[in-house]
Each structure stands twice: as C-alpha cells, then as structure tokens.
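Engineer: Quick one: the structure is below, questions incoming.
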Protein chains: 2
Amino acid sequence: MKAETNYRPTRAAMPRPMPRLSRLAVERAKSSHDQIAATLGTELLKGLYAPGGNMPPEPELIARFQISRTVMREVMKTLAAKGFVISKTRVGTRVRDPVYWNYFDADVLAWRVRLGLDDEFMKSLTEVRRSLEPAAAALAAQRRSPTDISRLRECVRQMARTDHTRQSFAEADLDFHLAIGSASGNPLMRSMASVIETALVASFAHSSPVDDPSDHEATVNGHSAIVDAIESGEEQAAAEAILKVINIGVNRIDVTRKKQRGQKK
Amino acid sequence: MKAETNYRPTRAAMPRPMPRLSRLAVERAKSSHDQIAATLGTELLKGLYAPGGNMPPEPELIARFQISRTVMREVMKTLAAKGFVISKTRVGTRVRDPVYWNYFDADVLAWRVRLGLDDEFMKSLTEVRRSLEPAAAALAAQRRSPTDISRLRECVRQMARTDHTRQSFAEADLDFHLAIGSASGNPLMRSMASVIETALVASFAHSSPVDDPSDHEATVNGHSAIVDAIESGEEQAAAEAILKVINIGVNRIDVTRKKQRGQKK
DNA sequence: CAGCCGGTAATAGTCATATTATATTACCTC
DNA sequence: GAGGTAATATAATATGACTATTACCGGCTG
C-alpha cells in the first residue's frame with residue numbers, strides 16, 4: 001500500500017495508530033526554532049519586554065540569534081500564536097497585555113517552569129487544578145461510560161505497579177488524570193492536560209510517591225477511590241476524592257521543601 | 001521623543017498606554033495569513049484531517065491557497081504553536097491527538113464558535129466557567145485588594161448604564177470578568193479570559209440582558225453582589241454569587257432558544 | 001532466511017534577496 | 001492651524017536555491 005495521506009474527506013480516514021501517547025514534556029527534542037522561541041518566550045515571561053511596547057526590530061533579533069529572517073519570522077508567528085505579541089506593518093512587533101498570554105499552553109507552562117518553580121507559581125497551578133479537576137470528575141460521574149471506567153481502572157493498575165521509576169510513575173499518574181478529562185466528556189476539560197502535566201512534572205522533580213511505599217499506597221488508593229465514586233455515579237464523592245489526591249500531592253511537596261530547607265541550615 | 005523600544009532591561013521600561021484594552025475578538029482584521037490559519041484550523045476542528053495522519057504536503061497546500069511557501073510555513077508554525085500539528089523533516093506535518101489541541105486559545109475557540117454553536121459546545125463552555133470562575137471569585141475574596149475592589153465597582157457602574165448596545169454591554173461584562181480574574185491574583189485564572197470572552201460573544205449573539213430592563217437590572221445586581229461578597233471577604237458567598245450570574249445567562253439562552261424553536265413551527 | 005548496514009530520495013528546514021503593502025511621520029498647501 | 005499628501009520605516013509576501021533529517025529499500029553478511 002502506498003503511503004497515504006488522509007486529507008480527502010471522501011475517502012474514509014484511516015487513522016494510523018498513535019505513535020505512543022504521552023511522554024512528558026521535559027524530554028522533547030529542540031530544533032533551533034524551538035530554542036529561540038523558548039528563549040524569547042522566557043524573556044517575555046520574565047518581563048524583559050514591557051507590555052504595550054515593542055520587541056526589538058527584526059534585524060536586531062536576527063543579528064542576535066544569527067539566524068535567517070525566515071526563521072525569525074516563524075518564531076514570531078509562534079509567539080503571536082500563543083498570544084504574546086502582535087506584529088503589524090510599519091508598527092513593529094508589539095507585546096500584548098499579559099492577560100492575553102496563553103498560560104494554559106503546554107510550551108508556555110514549560111517555559112514558566114524552567115524559569116523557576118517558586119511557591120507562588122505552584123500555588124497558582126494547584127488552585128487551577130483544585131477547581132477544574134473536581135468538576136471534571138463530577139462530570140465523569142454523571143456520564144460514566146463503561147469504557148471510561150475500565151480505562152481508569154487500567155490506569156490505576158498501572159500506577160500500582162511496584163517497579164516504577166519516578167518518571168514512569170509520573171506518566172502513569174498523568175495518564176490517569178488525562179483519562180478523567182476524557183471521561184468528563186468535555187473537550188475543554190480534556191484540554192487542561194498541559195496544566196496537570198506541568199504540575200506533575202514539577203512536583204515529582206524532587207519527591208515522588210514511589211520514594212515511600214506507604215505514600216505510594218495512599219496515592220494509589222486515593223486514585224482508586226475516585227474511580228469507585230465515578231462508577232457509582234456519586235458526583236460529590238468523586239469531586240472530593242480527586243481533591244484529596246491533589247492535596248496529598250501538595251502536602252508531599254510542602255513536607256519535602258521544609259525538609260530541604262532544614263537540611264540547608 | 002524618539003520612537004523608543006523597551007527591550008533594554010536596564011532602562012526603566014516605560015509602558016505606553018495600552019491601545020484600548022478589550023474589543024471583542026469578532027472584529028479583528030484578518031491578514032491572508034490569519035485567514036488561512038483559520039481555514040485550516042477550522043478544518044482540523046471539523047475532523048477533516050484524522051489525528052495521527054498527515055496533513056496534505058506543503059506543495060499541495062501552497063497550490064490550494066495560492067500563496068508563497070513562506071506564508072504556508074508560517075501558517076503551519078501557527079497551527080503547531082496551538083498544538084494541532086507537528087512537522088518533521090521527511091515525515092510531513094502530522095496531526096496531533098486532539099488532547100493536545102489548545103482549546104483554551106482565543107483563536108481556537110473563535111474558530112470553534114464560527115463553526116456553529118450547538119448546545120453541546122455551549123454546555124462545555126458553561127461547565128468550565130462554572131468551575132473556574134467561582135474559584136477565581138473565592139480567591140479574589142481571599143485577597144481583596146482595594147484597587148481590585150474599586151476596579152470591579154467601576155465595571156459594575158459601567159454595566160449599569162442604560163444606553164448600552166448589545167456590543168457595548170458585552171464588553172463591559174467581559175471587563176468585569178477579566179477584573180475578577182486579575183483580582184484572583186492567579187495568572188492562570190486570568191488567562192481564562194478567552195474562554196469567557198467566547199462564551200459571552202456567543203451567548204449575547206441572539207439575546208442580551210439589555211433587551212429587557214428587568215433582565216438588565218437583575219444582571220447588574222447579580223454582579224454587584226459578587227463585589228460585595230469579595231469586599232467582605234466571604235469566599236463562599238462570592239463563589240455562589242458568580243455562579244448565580246452565570247446561571248442567569250444560561251437561562252436566558254435556554255429561554256431564547258425555546259422561543260425561537262417555537263416560532264419556527 | 002533474518003538481521004544489520006548503507007545509500008537514496010522525499011520532505012521539511014534554513015537561507016538570501018527582492019518586491020509589496022501599510023501605517024506613521026513630516027511636510028506642504030490652503 | 002486643518003487637512004490632505006508624500007516620504008519612509010517596517011513588516012508581509014514572494015521566489016528560488018540549498019541543507020538537514022530520516023524513512024525506506026535493497027543489498028550484504030552471518
């Protein structure tokens with residue numbers, strides 16, 4: 001069979017198997033383009049370019065990064081697509097008000113994380129999770145399709161494995177929360193994936209449930225309880241159960257941080 | 001004074017006054033680039049290109065849209081930045097799993113809206129608002145800076161004006177909810193703006209509080225109650241108050257739709 | 001026959017240059 | 001000084017060439 005594109009609506013689209021779903025964002029390969037976008041994006045996040053003002057003009061940036069105009073423009077398009085800037089002929093590339101920056105974007109969050117994970121930012125992430133995920137779980141409980149349930153159960157089974165590295169556990173955990181998003185039946189909820197992923201990557205960087213068997217067990221049980229609640233259609237219980245799981249994670253971070261601070265003295 | 005760029009961190013950045021904040025997304029001018037991005041983005045949302053499969057190869061798209069390769073590539077970069085596709089040498093431009101699509105992106109939502117506002121989608125939007133906005137309001141009540149309060153009050157005052165068009169009222173309403181996002185002190189919450197904007201544009205398209213004086217009054221009072229709760233630091237009350245406002249909006253849509261359906265018969 | 005290895009070719013990535021469009025600024029007329 | 005018009009800076013678009021990456025194929029080797 002010839003290599004087949006699938007853009008003819010008439011021909012039944014034949015989706016080839018996805019090339020392995022998740023993989024955490026940390027390890028993504030970086031082309032020169034991405035690197036520069038990341039650099040400028042990070043600088044924007046740092047506040048080096050004041051909103052309402054202009055970015056340096058094209059020639060200057062080209063000189064700075066030693067790249068062709070083509071690449072520079074594509075980088076700008078990327079930043080524009082994420083809501084950071086807007087370019088107009090004769091005006092230059094203007095930095096937009098931060099309200100319009102797509103913080104929910106996976107890349108943007110990743111840049112923000114690499115910028116440093118102050119408590120402040122972790123708090124913001126957690127606040128969003130605390131409001132969105134319970135809602136998603138409640139919706140899942142409302143709809144609870146058998147396929148979703150069994151998928152969630154499988155996720156829990158994966159999390160329960162005892163041979164996890166931090167990395168592999170983080171992936172399993174992420175899969176679970178993504179599955180919740182899907183089970184909610186709300187595409188927007190499912191789209192919060194990047195937020196969760198970032199939060200998990202961040203929080204598991206220095207401590208993970210797999211470091212401590214009892215923590216691991218508690219985490220798995222917590223997740224299992226969520227599925228139970230969803231399966232029996234108890235919206236309220238599902239929401240509370242997932243909130244509990246989030247809180248366990250937050251506590252682990254707090255504890256670890258305190259320990260680390262203590263050791264530093 | 002010479003035209004001044006502000007990219008030197010050393011020199012105190014002098015933000016020029018924002019060129020008038022909001023303006024609803026509907027009216028944005030469209031360059032050829034944006035048009036094509038919108039076209040392809042819409043087609044992606046429609047499901048014309050199966051996830052995991054390839055987009056049509058560059059030459060074909062260039063032929064289709066009658067544009068230069070430069071523009072085509074920038075469009076692809078835009079779509080890539082929004083999580084729709086990923087291009088690799090020798091492989092082509094592959095459509096990513098919809099989980100990764102940035103639904104929270106203002107453009108993406110706008111495309112989705114223009115695609116048609118089925119009840120299903122409005123429901124999704126509302127579910128997200130119902131979970132995020134109360135959380136934001138609660139946080140605002142926790143922090144309640146005087147500046148935020150007075151800004152919110154001003155928003156309410158603007159909404160209360162009796163000389164509103166649907167458009168101008170929608171903008172005032174949007175300003176209010178943006179202000180709530182800001183007042184939450186959480187940049188991620190503030191970033192949900194695009195979702196709200198889309199929801200408002202959508203919901204006011206066919207009916208608006210300004211169409212009916214008593215509806216208008218109820219809406220304004222509802223918003224005022226939110227500010228009261230925030231000011232006195234009652235998180236719970238603030239959350240409930242904003243939920244009420246959202247519900248009023250949802251009801252208006254339902255009623256209008258039913259009426260319209262009735263008339264069609 | 002299976003599996004490795006290297007060459008080939010398809011495809012996007014990058015580059016350089018030229019032309020065009022558009023908004024701002026400055027000037028010029030009235 | 002108001003209003004219009006030309007000059008100019010800046011990004012937008014176009015074009016064509018070259019480069020880099022890697023999937024695929026076919027041959028070699030065990």
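Engineer: Of all residues in the range A:145-169, how many are more than 24 Å from B:GLU127 (Cα to Cα), without any contact (Cβ under 8 Å) to a residue 24 or more places away in the chain and in a helix (DSSP H, G or I)?
Structural biologist: Count: 5.
Engineer: In the range A:85-105, which residues are more than 17 Å from B:VAL195 (Cα to Cα) and touching a helix residue (DSSP H, G or I) at 6+ places or on another chain (Cβ under 8 Å)?
Structural biologist: Residues of the range A:85-105 that are more than 17 Å from B:VAL195 (Cα to Cα), as a first pass: A:85-96.
Passing the criteria: A:VAL85, A:ILE86, A:SER87, A:THR93, A:VAL95.
Engineer: While we're looking at this one, here's another question. Can you say whether B:ARG114 is touching a residue at least 40 places away in the same chain (Cβ under 8 Å) and at the interface with chain A (Cβ under 9 Å from one of its Cβ atoms), as far as the supplied structure shows?
Structural biologist: On the way: touching a residue at least 40 places away in the same chain (Cβ under 8 Å): yes; at the interface with chain A (Cβ under 9 Å from one of its Cβ atoms): no.
The answer is no for B:ARG114.
Engineer: Now for a separate question. Out of A:ILE246, A:ILE230, I need the residue that is of a type in the set (A, V, I, L, M) and more than 23 Å from B:LEU125 (Cα to Cα). Which one? Talk me through it step by step, then tell me what you get.
Structural biologist: On the way: A:ILE230 fails: more than 23 Å from B:LEU125 (Cα to Cα).
The unique qualifying residue is A:ILE246.
Engineer: Please determine whether any residue of the range B:197-214 is crowded, with 23+ Cβ neighbours inside 10 Å, away from every other protein chain (no Cβ under 14 Å) and in contact with a His (Cβ under 7 Å, 6 or more places away or on another chain).
Structural biologist: So far as the range B:197-214 goes, yes, one or more of its residues are crowded, with 23+ Cβ neighbours inside 10 Å, away from every other protein chain (no Cβ under 14 Å) and in contact with a His (Cβ under 7 Å, 6 or more places away or on another chain).
Engineer: Scanning for something more than 13 Å from chain B (Cβ to nearest Cβ) and either among the charged types (D, E, K, R) or under 22 Å from B:PHE104 (Cβ atoms) (or both), does the range A:127-146 turn up at least one residue?
Structural biologist: yes
Engineer: When you look at B:ARG28, is it within 14 Å of DNA strand D (Cβ to nearest atom) and at pLDDT below 50, yes or no? Break it down stepwise before answering.
Structural biologist: On the way: within 14 Å of DNA strand D (Cβ to nearest atom): yes; at pLDDT below 50: yes.
Against the criterion (within 14 Å of DNA strand D (Cβ to nearest atom) and at pLDDT below 50), B:ARG28 qualifies.
Engineer: Can you go through A:THR78, A:THR89 and tell me which one is facing another protein chain (nearest Cβ under 7 Å), β-branched (Val, Ile, Thr) and within 16 Å of DNA strand D (Cβ to nearest atom)?
Structural biologist: Working: A:THR89 fails: facing another protein chain (nearest Cβ under 7 Å).
After applying the criteria, what remains is A:THR78.
Engineer: A further question follows. More than 11 Å from every other protein chain (Cβ to nearest Cβ), within 16 Å of the chain's Cα centre (by Cα) and part of a helix (DSSP H, G or I): which single residue out of B:ALA179, B:ALA172 fits that description?
Structural biologist: Values: B:ALA179 fails: more than 11 Å from every other protein chain (Cβ to nearest Cβ).
B:ALA172 is the lone residue from the list that is more than 11 Å from every other protein chain (Cβ to nearest Cβ), within 16 Å of the chain's Cα centre (by Cα) and part of a helix (DSSP H, G or I).
Engineer: Select, from A:ARG151, A:ARG129, the only residue that is modelled with pLDDT of 90 or more, of a type in the set (Lys, Arg) and under 19 Å from the mean Cα position of the chain (by Cα). Break it down into steps so the answer makes sense when it comes.
Structural biologist: Numbers: A:ARG151 fails: under 19 Å from the mean Cα position of the chain (by Cα).
Step by step, each of A:ARG151, A:ARG129 is checked, and only A:ARG129 is modelled with pLDDT of 90 or more, of a type in the set (Lys, Arg) and under 19 Å from the mean Cα position of the chain (by Cα).
Engineer: Return the pairs, sorted by first residue and then second, in which the second residue is charged (D, E, K, R) and within 11 Å of DNA strand C (Cβ to nearest atom), the first residue lies in the range A:31-57 and is within 9 Å of another protein chain (Cβ to nearest Cβ) and over 28 Å from B:MET76 (Cβ atoms), the beta carbons are less than 6 Å apart, and the residues are 6+ apart or on different chains.
Structural biologist: Listed pairs, sorted by first residue: A:GLY52/B:ARG16.
The values are calculated or read from the model by the stated rules, or taken from the named source; none is laboratory data. Bear in mind that the values here come from a model prediction, so they are computed numbers and not experimental data. Every residue, glycine among them, receives a Cβ derived from its backbone with ideal geometry; neighbour counts consider all protein chains shown.
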